[in-house]
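Enquirer: Here it is, the structure, as structure tokens.
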Amino acid sequence: MRGAVLHAPGNVRFEERDDPKTTNPTDAVIRTVATCVCGSDLWDYRGINEVAEPAPFGHEYVGIVEEVGSDVVTVQPGQFVIGSFFASDNTCPNCRNGYQTSCLHREFVGGCQAERIRIPLADGTLVATPGIPDEQHIASLLACSDVMGTGWYAAVAAEVKPGRTVAVVGDGAVGLCAVIAAKELGAERIIAMSRHASRQKLAVEFGATDIVPERGDEGVARIRELTGGIGADAVLECVGSAESMQQALRATRPGGNIGFVGVPHDVAIDGQELFFSHVALRGGPAPVRRFLPDLVDRVLSGRIDPGKVFDLTLPLEEVAEGYRAMDERRAIKTLLRP
């Protein structure tokens, strides 16, 4: 089969790779229907994370089950499935507590920008749709495998509730999906921090009531101005930089909550500032598997349409252009079709 391999910063190639096999009785192999480039992939693509050797790339996927191991019972060949970027058994204590990305037997699901993928712990990882979904739902179901689930977790971690004021830091795919999540969870006011017209427009379509283009101290001042000098009840940090975390912390009211889902890079929080802020923090790799059944239902019922974050669709063989487009901010998120 063929798939994407990151050889060095800025160097993604589409090349022959070994066909995946069910190496364990709990594995499944799926034929990829759609995959995509994630904003977190850009940390490696840009060389911010070290690229030590060529590596298969990508961690978002939907597809058709082609083969299952002897112990797999909940999915079968021919089903359309979605799964998380971390495989989980969905039965260990951490999974039962709703944190499948901390599963005691977790395994990262990488190499998904490919024609076929091996999925470990298939029973606990994959969720099948009722029949083969219509083409119109493919993009949104794919979004649920990461960015929609991650945006949803940001809102849950920040304890978004009906009537609350929410600020979203980050206007990438996760931040835009976090806007959807905040609206679905009943937020009355949703402030999207964005300085890009196309992303601002989509944020408003998804439910944002206010747009703040300023960043840093100016952005914090603007949010405080919009909230009577107090700050937002909940702030969803969807970037992972030192600047975005500081902005989130200072834009949250005393007693408010931050849900942080951007993979942290050079983030350091001053203990004194946090102590006196009375702000609560919760985040980490989103337990997407917890939310998948609900999100799939919302997509198939037409209640949410997170697939709109994909503003560029390419054949899988043009994956390198998909990375370039996102790196140069010519695209919010690239969808790839084998």
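The values are calculated or read from the model by the stated rules, or taken from the named source; none is laboratory data. If you're wondering where the values come from, they're calculated on a predicted model, not measured in any experiment. Quick reminder, even Gly has a Cβ in these numbers, built from the backbone with ideal geometry, and neighbours come from all protein chains shown. In case anyone asks, the SASA skips ligands and DNA or RNA and just uses the protein heavy atoms, side chains included. Shrake-Rupley method; radii C 1.70, N 1.55, O 1.52, S 1.80 Å.
Enquirer: Considering every residue within region 14-32, establish whether at least one is within 15 Å of PRO120 (Cβ to Cβ) and surrounded by 23 or more Cβ atoms within 10 Å (Cβ to Cβ).
Expert: Yes - at least one qualifying residue is present in region 14-32.
Enquirer: With the checklist (1) touching a strand residue (DSSP E or B) at 6+ places or on another chain (Cβ under 6 Å); (2) surrounded by fewer than 22 Cβ atoms within 10 Å (Cβ to Cβ); (3) closer than 22 Å to THR334 by Cβ in hand, flag the one item LEU141 doesn't pass.
Expert: (2)
Enquirer: Scan region 83-103 residue by residue and report those that are surrounded by 15 or more Cβ atoms within 10 Å (Cβ to Cβ), not in a loop (DSSP other than H, G, I, E, B) and not hydrophobic (A, V, I, L, M, F, W, C).
Expert: Within region 83-103, GLY83, ASN94, GLN100, THR101, SER102 qualify.
Enquirer: Another one. State whether the residues of region 123-136 include one that is farther than 25 Å from GLY69 by Cβ and assigned to a helix (DSSP H, G or I).
Expert: Looking for residues that are farther than 25 Å from GLY69 by Cβ and assigned to a helix (DSSP H, G or I), one finds at least one in region 123-136, hence yes.
Enquirer: Taking GLU60, is it under 18 Å from ARG31 (Cβ atoms), touching a Leu at 6+ places or on another chain (Cβ under 7 Å), charged (D, E, K, R) and in contact (Cβ under 8 Å) with a residue 12 or more places away in the chain?
Expert: In short, yes.
Enquirer: Counting only residues that are open to solvent by less than 10 Å² (accessible area, probe 1.4 Å) and in contact with a Lys or Arg (Cβ under 8 Å, 6 or more places away or on another chain), which one in region 154-172 is nearest to ILE223 (Cα to Cα)?
Expert: In this case the residue turns out to be VAL166.
Enquirer: Still on this structure, I have one more. How many residues does region 39-65 contain that are at pLDDT below 95, surrounded by 15 or more Cβ atoms within 10 Å (Cβ to Cβ) and assigned to a loop (DSSP other than H, G, I, E, B)?
Expert: So the answer is 5.
Enquirer: Does ALA192 meet the test of being touching a helix residue (DSSP H, G or I) at 6+ places or on another chain (Cβ under 7 Å), touching a residue at least 24 places away in the same chain (Cβ under 8 Å), assigned to a helix (DSSP H, G or I) and closer than 22 Å to ILE332 by Cα?
Expert: no
Enquirer: Which one is most open to solvent (accessible area, probe 1.4 Å) among residues in region 217-251 that are without any contact (Cβ under 8 Å) to a residue 40 or more places away in the chain and of a type in the set (S, T, N, Q)?
Expert: Across region 217-251, the extreme among qualifying residues is GLN246.
Enquirer: Next up: Got a sec? Which of ASP297, ASP327, ASP270 is open to solvent by 30 Å² or more (accessible area, probe 1.4 Å), in contact with a helix residue (DSSP H, G or I) (Cβ under 7 Å, 6 or more places away or on another chain) and not hydroxyl-bearing (Ser, Thr, Tyr)? Before you say what the answer is, go through the steps one by one.
Expert: Values: ASP297 fails: in contact with a helix residue (DSSP H, G or I) (Cβ under 7 Å, 6 or more places away or on another chain); ASP270 fails: in contact with a helix residue (DSSP H, G or I) (Cβ under 7 Å, 6 or more places away or on another chain).
Matching residue, one of ASP297, ASP327, ASP270: ASP327.
Enquirer: Take region 300-324 and flag every residue that is within 15 Å of GLU60 (Cβ to Cβ), surrounded by fewer than 23 Cβ atoms within 10 Å (Cβ to Cβ) and not hydrophobic (A, V, I, L, M, F, W, C).
Expert: Correct list: GLY307, THR313.
Enquirer: Would you confirm whether any residue within region 168-184 is of a type in the set (Gly, Ala, Ser), more than 15 Å from VAL263 (Cβ to Cβ) and part of a strand (DSSP E or B)?
Expert: no
Enquirer: If you don't mind, there's one more thing I want to ask. What's the number of the condition THR129 fails, among (1) polar (S, T, N, Q); (2) without any contact (Cβ under 8 Å) to a residue 40 or more places away in the chain; (3) farther than 27 Å from LEU42 by Cα?
Expert: It fails just one condition, (2).
Enquirer: Additional query: Quick one: is VAL147 open to solvent by 10 Å² or more (accessible area, probe 1.4 Å), closer than 24 Å to VAL299 by Cα, within 19 Å of the chain's Cα centre (by Cα) and at pLDDT 95 or above?
Expert: The answer is no for VAL147.
Enquirer: Do you know which residues across region 104-125 are open to solvent by 10 Å² or more (accessible area, probe 1.4 Å) and of a type outside the set (Gly, Ala, Ser)?
Expert: Keep residues of region 104-125 that are open to solvent by 10 Å² or more (accessible area, probe 1.4 Å), which gives 104-108, 110, 115-116, 118, 121, 123.
Of everything in region 104-125, those that are open to solvent by 10 Å² or more (accessible area, probe 1.4 Å) and of a type outside the set (Gly, Ala, Ser) turn out to be LEU104, HIS105, ARG106, GLU107, PHE108, GLU115, ARG116, ARG118, LEU121, ASP123.
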